[in-house]
Structure formats: structure tokens, C-alpha cells
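Here's the structure we're looking at; comments come further down.
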Amino acid sequence: MRNSPRYLRHKAARHMRFVLVNGTPPCPQSVCVLCCDPIGASYLREIGTRLPYCDHNCYADHCKKAVLVLENHARAS
């Protein structure tokens, strides 16, 4: 049962934070939320917010900045 495809998909979905989209540009035309470059045929979309990122580097930078904001807020409290 633990090796069934359904179990493995469910387990992977709990840890997934973004989806890599290849060959399908968003409609309407979007821009990366971090660098404001136009989104091409390949991009990342965060699952929880559905925000588009032009590549993994922009997504990673956005996550780092979010962590810094939370840390600074915790220190200020």
C-alpha cells in the first residue's frame, strides 16, 4: 500500500510548494512578482498564492526575503 502511486502522489503533494510550467505561457500575459520581467513559456507558480516567478532563482530570493521579514518582525516584538 505504501508503494502505490496514489500514496506517493499524496505524500509528495504535502511537500510541494510550487509548480514548474513548461511550454504554456500564462494568459493574460504576466510578469514575475520579484523582478517584473515578462513571464515566458516556462515559469514557476507558487501553489498557495498562485503568484508567477520567471525562474527558480526569483522564487528562492522571494522566499529568503520573506524569512528575513518574519525574523525582523519577531525581533521587534
How many residues does segment 41-63 contain that are exposed (fewer than 13 other Cβ atoms within 10 Å of the Cβ) and either in contact with a Phe, Trp or Tyr (Cβ under 8 Å, 6 or more places away or on another chain) or in a loop (DSSP other than H, G, I, E, B) (or both)?
5
Can you pull out the residues in segment 64-77 that are polar (S, T, N, Q) and either in a helix (DSSP H, G or I) or within 16 Å of residue 22 (Cβ to Cβ) (or both)?
72
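Laboratory data are not the source of any read-out in this text; all were calculated from the coordinates shown. Worth saying up front: this structure is predicted, and the values here are computed from it rather than measured. Please note: Cβ atoms are built from the backbone with ideal geometry, for glycine as well, and neighbour counts cover all protein chains shown.
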